[in-house]
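Asks: Before I ask anything, let me first share the structure, which is written out below as structure tokens.
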Amino acid sequence: MKHLTIAAAIAAAFTATFISTGAHAQQGPIKIGVVTPLTGTYAGIGQQVKWGIDLAIKEINDKGGILGRKVEAIYEDEEANPNVAVQKAEKLFQVSKVDFLTGTVNSGSTLAVGQVAERNQRLAATTVSFSDAITGDKCSPNMFRVNAKAGMQSAALAEWMVKEKPGATVYYLGPDYEMGRSTVAAFKAAAEAKGAKSVGEVFAPLDNKDYSPFFGQIRAAKPQVLYTSVAGNDTVRFLSQLSEFGLAKQMQIVGAAGSVTAQNMGAIGKAADGYVTGAAYSAELDNPANKKFVADFKNTWKAEPDLYGVDSYGVMYFYKAAVEKAKTTDTDKLRAAMRGLEWDTPQGKKTMRAGDHQAIQDMYAVKVVNGKFQIISKVPGEAAVGADTCTKF
Amino acid sequence: MTELIETLQFVYAPQVVNGLAIGVAVILMALGLTIIFGLLDVINMAHGEFYALGAYLGITLASKGVNFWLCLAIVPVVMALIGYYTERALIQRVFHSKDRHILTLLLTFGLAIIAEDAFRLAYGPNPYKPESPIPGASELFGMILPNYRLFLIVAGSAIIVAVWLVVYRTSLGAMVRAAAFDRHMASSLGVPVSKVYAGTFAFGVALAGLSGVLLAPIYSVFPTMGKDFILMAFSVVIVGGMGSIKGAVIAGLVLTQIQSLSSLYISPVWGDPLVFGIMVLFLMVRPQGLAGRLGHG
């Protein structure tokens, strides 16, 4: 199997070389490399990334391209594996000579691809990865993030919570591994900074089947708000068992953006109603640009766009605005143009912060009502983004 | 003083009762496992997948409009047929070879892997959760207990007692125990041993399927659900004594209470290592478990 993969990669590399002969920078089409998971667990996310980018490229080309040059995308499957992502990114830069790279989903892939971009002196952007480190202590001068980071989601949620229930008492329940512990710690810090009071926390094993052993502690702590960052089927069990025990009615349940999703919402059913989370996008967003985007997206792909689709659509306009401002695809000039750049997306105006390459955008608190996320409040981008902690450039 | 009473009422008492509901669920799983082991000497690695199959059959019937209580009756019958023919078609073929333990273990393990992928292909990777057939919760001494869990405790106990009665108080049970004790003797006395074997396997599988339907409203239904209870059920079978119904009940109750109460004091992640630690201790100190084998006293 391994030999087959290598053979296929070599064959693909040769084909790509022949096809790409004669294409040099600054002439011919602008090439966008997209390294994204097209197979495996994250294939659903990769599908949205591809739909968003393809839709934006079609629109841009229909209107004459960027600086008169057509735009084309070259896709590579990264299988949500940083090792594969690095090989594919290297290949896109070296063989296909792409001008810009995007599409990585898993945060590890994004961090690794950032270093590949540095070595190749090209720029890259992620439209999906949440990890705060990408634009924090592991920031790269060649990597930009156009989507909201994890910290912005919890800040938006905390902001909504203290406005709704000032001085709220909060209980935290997370899955006991890196993601669970870091999401709880981040939300706890954000909530306490805004005057909320923590009354207890518990970390359940991943794939925990029964949460009722924790309900006694939760009930005894009498919290007004219960925060959770369990995901997938764990959320199905946790929320339905909470409502089974009548606890769901006694407190406001809030959680991480990945806890309740389109995948598990159906199984949670009524028990998801009233759940609130912080999010960067909802297809229900009421502005003309978003209405047009959602309609075009549905027309073209017969599916609704999600967060990943809209951010991947937006990154093409980010790139277009930057190239038009710099009037070239030269890496250093383009980087300077991207810093501080303001551009329009279906989510509203975004600003690329110069200090850490994190896009600043308005965030929303969204609530599940009858199985759909509805926007209940808006948190200005500046209030959600937090301090610039990048020290590398 | 009031604080102590409050802690007892709000923390310990619900913990014990919740632990009881989980205990009944685990015992239902362990019963089938221990009976199949005790009689056939087969470690059924696919037991969890039979549990999942029962749950999937339940939601399939429910989607055709069959009500929950009818499902509870239909699924075990269908599962018993599946179990019977699985034993006749697959297990009996390798049963008489010298490497019986390894072969049946590998065979059922393979079945488990195939079944898990089959569920994924047929029903997709996303979870399902049937509505609770008895919604709402009751207040007992200040504890809030979901009605369905109370039902589970009662119905589960009734099933356990019924299984015990069948095995120890009926002539069918006597045949089963006789075949377990000495199959050559039993067979020469006219017990249709190979049918008894297949029937016992079918009975264990039916119990797993019944648990699947019973537990689905609490634990939801998804392709890897078979792995949920199986480790705990194996620990219960080992601590209780392989093949012993009484041992499985005692071990099931004690181990789930230990897990439930310990989660108040130590990180819940240590619950499983604690239980497996006890299992290892038993294997070292008292390998026959709390009680002996089925048919052996």
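The values are calculated or read from the model by the stated rules, or taken from the named source; none is laboratory data. These numbers come from a predicted model, not from an experiment. When we count neighbours, we look across all protein chains shown, and the Cβ atoms used for this are built from the backbone with ideal geometry, even at glycine. Surface accessibility is based on the protein's heavy atoms, side chains included, excluding ligands, DNA and RNA. Shrake-Rupley method; radii C 1.70, N 1.55, O 1.52, S 1.80 Å.
Asks: Can you tell me which residues in segment B:236-286 are of a type outside the set (A, V, I, L, M, F, W, C), open to solvent by 30 Å² or more (accessible area, probe 1.4 Å) and within 14 Å of another protein chain (Cβ to nearest Cβ)?
Replies: B:257, B:259, B:265, B:267, B:272, B:273
Asks: While we're on this one: How many residues are touching a helix residue (DSSP H, G or I) at 6+ places or on another chain (Cβ under 8 Å) and at pLDDT 90 or above when one looks only at segment A:216-243?
Replies: Matching residues across segment A:216-243 total 14.
Asks: Being within 12 Å of chain A (Cβ to nearest Cβ) and open to solvent by less than 40 Å² (accessible area, probe 1.4 Å) is the filter here; which residues of segment B:117-132 pass it?
Replies: The answer is B:124, B:127, B:130, B:132.
Asks: Looking only at segment A:264-285, count how many residues are free of Cβ contacts under 8 Å to residues at least 60 places away in the same chain and either within 17 Å of the chain's Cα centre (by Cα) or open to solvent by 40 Å² or more (accessible area, probe 1.4 Å) (or both).
Replies: The number of residues fulfilling the criteria is 2.
Asks: Quick one: would you say residue B:178 is surrounded by fewer than 17 Cβ atoms within 10 Å (Cβ to Cβ), part of a helix (DSSP H, G or I) and at negative phi?
Replies: So residue B:178 does not fit the description; no.
Asks: Only one of B:171, B:138 is small (Gly, Ala, Ser) and more than 30 Å from residue B:58 (Cα to Cα); which?
Replies: When all the criteria are applied, what remains is B:171.
Asks: Still on this model: Would you point out the residue of segment B:151-163, among those that are of a type in the set (A, V, I, L, M) and without any contact (Cβ under 8 Å) to a residue 60 or more places away in the chain, that is farthest from residue A:213 (Cα to Cα)?
Replies: Result: B:162.
Asks: So residue A:241 passes all but one of these: (1) away from chain B (no Cβ under 14 Å); (2) surrounded by 16 or more Cβ atoms within 10 Å (Cβ to Cβ); (3) assigned to a helix (DSSP H, G or I). Which condition number does it fail?
Replies: (1)
Asks: Before we move on, is residue B:195 charged (D, E, K, R) and more than 21 Å from the chain's Cα centre (by Cα)?
Replies: Against the criterion (charged (D, E, K, R) and more than 21 Å from the chain's Cα centre (by Cα)), residue B:195 qualifies.
Asks: Something else now. Would you check which residues across segment A:296-331 are without any contact (Cβ under 8 Å) to a residue 60 or more places away in the chain and either among the β-branched types (Val, Ile, Thr) or within 22 Å of residue A:70 (Cα to Cα) (or both) and list them?
Replies: Of everything in segment A:296-331, those that are without any contact (Cβ under 8 Å) to a residue 60 or more places away in the chain and either among the β-branched types (Val, Ile, Thr) or within 22 Å of residue A:70 (Cα to Cα) (or both) turn out to be A:321, A:322, A:325, A:326, A:330.
Asks: Here's another thing I want to ask about it. When segment A:23-46 is examined, which residues are found to be surrounded by fewer than 18 Cβ atoms within 10 Å (Cβ to Cβ) and not in a loop (DSSP other than H, G, I, E, B)?
Replies: Residues satisfying the conditions are A:43, A:44.
Asks: Going by what's in this entry, would residue B:55 be described as within 14 Å of another protein chain (Cβ to nearest Cβ), on the phi < 0 side of the Ramachandran plot and touching a strand residue (DSSP E or B) at 6+ places or on another chain (Cβ under 8 Å)?
Replies: Spelling it out, residue B:55 is indeed within 14 Å of another protein chain (Cβ to nearest Cβ), on the phi < 0 side of the Ramachandran plot and touching a strand residue (DSSP E or B) at 6+ places or on another chain (Cβ under 8 Å).
Asks: Just one of (1) within 30 Å of residue B:190 (Cα to Cα); (2) open to solvent by 80 Å² or more (accessible area, probe 1.4 Å); (3) free of Cβ contacts under 8 Å to residues at least 24 places away in the same chain trips up residue B:114, so point out which.
Replies: Evaluating residue B:114 over (1) within 30 Å of residue B:190 (Cα to Cα); (2) open to solvent by 80 Å² or more (accessible area, probe 1.4 Å); (3) free of Cβ contacts under 8 Å to residues at least 24 places away in the same chain leaves (1) as the failure.
Asks: Please go through (1) more than 30 Å from residue B:11 (Cα to Cα); (2) open to solvent by 20 Å² or more (accessible area, probe 1.4 Å); (3) touching a residue at least 40 places away in the same chain (Cβ under 8 Å); (4) touching a Leu at 6+ places or on another chain (Cβ under 7 Å) for residue B:166 and return the number of the only condition it doesn't satisfy.
Replies: Residue B:166 satisfies all of (1) more than 30 Å from residue B:11 (Cα to Cα); (2) open to solvent by 20 Å² or more (accessible area, probe 1.4 Å); (3) touching a residue at least 40 places away in the same chain (Cβ under 8 Å); (4) touching a Leu at 6+ places or on another chain (Cβ under 7 Å) except (3).
Asks: Give segment A:191-207 a look and list any residue that's facing chain B (nearest Cβ under 7 Å) and at pLDDT below 90, or say none.
Replies: Across segment A:191-207, the qualifying residue is only A:205.
Asks: On to the next question. Got a number for residues in segment A:308-345 being among the aliphatic types (A, V, I, L, M) and either at positive phi or open to solvent by 50 Å² or more (accessible area, probe 1.4 Å) (or both)?
Replies: 1
Asks: Having 3 or more residues that are at pLDDT 95 or above, touching a Phe, Trp or Tyr at 6+ places or on another chain (Cβ under 8 Å) and of a type in the set (Phe, Trp, Tyr) is the bar; report the helices (runs of 4 or more DSSP H) wholly within segment A:298-393 that clear it.
Replies: Here the list reads A:307-326.
Residues checked against (1) assigned to a loop (DSSP other than H, G, I, E, B); (2) crowded, with 24+ Cβ neighbours inside 10 Å; (3) over 15 Å from the mean Cα position of the chain (by Cα):
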{"position": "A:147", "(1), (2), (3)": "yes, yes, no"}
{"position": "A:153", "(1), (2), (3)": "no, yes, no"}
{"position": "A:157", "(1), (2), (3)": "no, yes, yes"}
{"position": "A:162", "(1), (2), (3)": "no, no, yes"}
{"position": "A:174", "(1), (2), (3)": "no, yes, yes"}
{"position": "A:181", "(1), (2), (3)": "no, no, yes"}
{"position": "A:186", "(1), (2), (3)": "no, no, yes"}
